[in-house]
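S.K.: Got a structure for you, questions after.
Rule-based calculations on the coordinates, nothing more; no lab input. Please read all numbers here as calculations on a predicted model, not as lab measurements. Please note: Cβ atoms are built from the backbone with ideal geometry, for glycine as well, and neighbour counts cover all protein chains shown.
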Amino acid sequence: MKKKLLSTLLCGVLTASMLAGCGSVETADEPATEDAAEEVAEDAAEETEEAAEETEEATEDAAEGEEGEAEPEAVTTEGDPNGTHMEMWSFVEAHNTFYAKMLEKWNEANPDRTIEITFTTYPYGDMHQKLLMSLQTGEGAPDICDVEMGQVPNVYEGLDTWLYPLDDSMAPYADDMLASRLAAYQGSDGKQYGAPFHVGATVMYYNMARLEEAGITQEDVDAVVTWDDYTALGEKYLEATGNEEGKYFTSVDTGGADWLWIAMAEYGDDWTGGFDGTANVQLDSVRNMLTMQQDWLNSGFAEVSPDGHIDLEAGFQNILDGNIVSFPKAMWYMSRFINYMPEEEGNWYITKCPVFEEGQNCSVGIGGTGTVVTQQSVDAQLAADFLCYAKMSPEGETMIWNDLGFDVCNTSLWDDETFAHDESNQYNTFFRNYPYDVLNSISDQIGTIMTVKISPTINEYVCNTTLNEILEEGMDVDEALQELQDAIDLEQ
């Protein structure tokens, strides 16, 4: 039992860092606040290894009977002292700040159902380990808790014996919520256990300022439909700039599988096999993307992202230096521009991603934090009602967009002029076009890759081995995918 727990925890930590969209343990859902952003930049290169080591050590201590208590980074109590008292945990302090603001709104609107919440912020690994152990033992869990996407398989293992389904509480908002994003936080029993922060829709970012210097117009970018079109545009740019050494049209990551998730979504694939299927990574979608990337690297069209990931400090600097002028990333990457690259304001344009074949889906939801209510809650129904109000109502979603910079899941707001074109919102003014205009145009083209028990194994091997073998060492794509499949089959 103890060995199984250790294995589960370590896989969760690895998934958090390796899962597509997660350049570091917290970056996929990191809030748009300067202090938090700086902390991620400083810690990203070391955090995954440290989290794994700390989790292993803490679990070994527990196995030996040494009950090491995780130390919180921040604790605050907000709300009505006369209301129902609850506990809430997160691994991002800005998330708890958001919940506290929504708690004030909830109490004002529900004087007969007021709540007081003690918000505790733990380090990423400590919080998820503490949550999992409290669920397994049946005691000590909070009423409400954030769960990072990579930890979903672990925390959902107990389904409704551990977690309280949100289906009834989200009913007032369900029709407006993006179904494909809700699906990512459903259990194998079909019940909704997690409330998402964002869509995480993948889009293309183009540096129009530099492209225009090379004679490329916004109309040229808008004309890109397929990856062949994208390649042709990039070749035109590189030729116009004299194929300058050290300058590329894009970069590819060896430390994250975002590009492969895009490819799978375009073909309607899912290498995990979902809840009931068998994992299969030898897909045409994956093969086509890796082959294309390998060709790009060989021709000088693309480079491998510095430090292996565009969502690290070296990746931000690479963008600032103009070494690349386009790349695909989730819409939450907008906060990286605000926090790390503010001098780029007015330079960048957002569009849908190219596809392999015209008519395919052009986006996929990447990264994210789903928030759960535990069965140990003092009043699970009340906790669920508050949570769904905070993360699904128009009031809550507006605050998520304004305060955290996430592309919200409540689609009723996407074409609301006062929301989507609000000039007081920094994300609406930073880019050359309105982000929600893009999101609206792809609303029915956003795919989902499930996060299930085999996901940690796939993502760990892909990011530690497969991508490096193919993109850095030039290994044959089919040979590398066979090696990956063999490794996965050992765990199935």
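S.K.: Counting pairs of Cα atoms in the range 214-330, how many percent are more than 19 Å apart?
M.R.: Details: 3479 of 6786 pairs.
Cα-Cα pairs in the range 214-330 separated by more than 19 Å: 51 percent.
S.K.: Using the per-residue mean of other Cβ atoms lying within 10 Å as a proxy for protection, in what order, highest first, do the peptides 276-285, 110-119, 156-165 fall? Could you put the intermediate results ahead of the total?
M.R.: Working: 276-285: 15.4, 110-119: 17.0, 156-165: 18.8.
With the highest mean Cβ count within 10 Å placed first, the list reads 156-165, 110-119, 276-285.
S.K.: Still on this structure, I have one more. Between 0 and 90 degrees, rounded to the nearest ten: what's the tilt of helix 258-267 against the longest Cα principal axis of the chain?
M.R.: So the helix axis and the longest Cα principal axis differ by about 80 degrees.
S.K.: Too long at a 25 Å Cα-Cα cut-off: which of LYS130/LYS329; LYS236/LYS329; LYS247/LYS352; LYS236/LYS352; LYS191/LYS453?
M.R.: On the way: LYS130/LYS329 31 Å; LYS236/LYS329 22 Å; LYS247/LYS352 23 Å; LYS236/LYS352 20 Å; LYS191/LYS453 17 Å.
Distance filter (> 25 Å) returns LYS130/LYS329.
S.K.: Using Cα atoms only, what is the angle between the long axis of helix 477-489 and the major principal axis of the chain, expressed in degrees (0 to 90) to the nearest 10?
M.R.: 20 degrees
S.K.: Here's another thing I want to ask about it. Please report, in whole Å, how far the alpha carbons of the range 285-365 spread along each principal axis, starting with the longest.
M.R.: 35, 28, 19
S.K.: Still on this model: By how many degrees, between 0 and 90 and to the nearest 10, does the Cα long axis of helix 2-18 differ from the longest principal axis of the chain?
M.R.: Tilt of helix 2-18: around 40 degrees.
S.K.: What dipole magnitude, in Debye to the nearest 20, does the chain give about its Cα centre under +1 on Lys/Arg Cβ and -1 on Asp/Glu Cβ? Intermediate results must be reported in sequence, preceding the final value.
M.R.: Working: 19 positive and 98 negative charges, 244 e Å.
With Lys and Arg at +1 and Asp and Glu at -1, about 1180 debye.
S.K.: Follow-up question, since we're still on this one. On average over all directions, what projected area in square nanometres does the range 151-254 have, based on the convex hull of its Cα atoms? Numbers along the way, then the final one.
M.R.: Numbers: hull surface 41.5 nm².
Orientation-averaged projected area of the Cα hull: 10.4 nm².
S.K.: Further question: Taking all pairs of distinct Cα atoms, average 1/r, flip it, and tell me the Kirkwood hydrodynamic radius of the range 77-119 in Å to one decimal place. Each step should come with its number before you reach the end.
M.R.: Numbers: mean 1/r = 0.0974 Å⁻¹.
Taking the inverse mean of 1/r over all distinct Cα pairs, the range 77-119 comes out at 10.3 Å.
S.K.: Cα convex hull of the chain: mean projected area in nm², to one decimal?
M.R.: On the way: hull surface 86.0 nm².
Seen from a random direction, the Cα hull of the chain projects 21.5 nm² on average.
S.K.: Taking the mean number of other Cβ atoms within 10 Å as a proxy for protection, how do you rank 167-176, 333-342 from highest to lowest?
M.R.: Working: 167-176: 15.7, 333-342: 20.6.
My ranking of the peptides, most packed first, is 333-342, 167-176.
S.K.: Report the one residue of LEU404, THR371, CYS388 whose Cα lies farthest in the direction of the positive end of the charge dipole of the range 350-416 (charges on C-beta: Lys and Arg +1, Asp and Glu -1; origin at the Cα centre).
M.R.: It is THR371.
S.K.: Also, quick follow-up: Please work out whether the range 85-220 counts as rounded, prolate or oblate from its C-alpha gyration tensor, where a ≥ b ≥ c are the square roots of the eigenvalues and a/c under 1.5 means rounded, while otherwise a/b larger than b/c means prolate and anything else oblate? Write down the numbers at each step before the final one.
M.R.: Working: a/c = 1.93, a/b = 1.76, b/c = 1.10.
The shape class here is prolate.
S.K.: Roughly how compact is the range 82-162, stated as its Cα Rg over 2.2 N^0.38 Å to two decimals? Present the calculation step by step, with values, prior to reporting the outcome.
M.R.: On the way: Rg = 13.7 Å, N = 81, 2.2 N^0.38 = 11.7 Å.
So the range 82-162 has a normalised radius of gyration of 1.17.
S.K.: Order the peptides 237-245, 408-416 from the highest to the lowest mean number of other Cβ atoms within 10 Å of their residues.
M.R.: 408-416, 237-245
S.K.: How large is Rg over Rh for the range 380-492, taking Rg from the Cα atoms and Rh as the Kirkwood inverse mean of 1/r across Cα pairs?
M.R.: Details: Rg = 20.7 Å, Rh = 17.8 Å.
For the range 380-492, the value is 1.16.
S.K.: What are the ³J(HN,Hα) couplings of the range 453-461, residue after residue, when phi is run through the Karplus curve with 6.51, -1.76, 1.60 and θ = phi - 60°? Round to Hz, x for glycine and proline.
M.R.: With the stated coefficients, the range 453-461 comes to 4, 7, 4, x, 5, 4, 5, 4, 5 Hz.
S.K.: Treat each spin label as a single point 7 Å out from the Cα along the C-beta direction, and report the THR278 to ASP222 distance in nm.
M.R.: Reported label-point gap for THR278 and ASP222 is 4.8 nm.
S.K.: Once you order the gyration tensor axes a ≥ b ≥ c over the Cα atoms, which shape class does the range 255-407 get: rounded for a/c under 1.5, otherwise prolate or oblate by comparing a/b with b/c? Show your work: numbers first, answer last.
M.R.: On the way: a/c = 2.32, a/b = 1.33, b/c = 1.74.
Oblate, since a/c reaches 1.5 and b/c is not below a/b.
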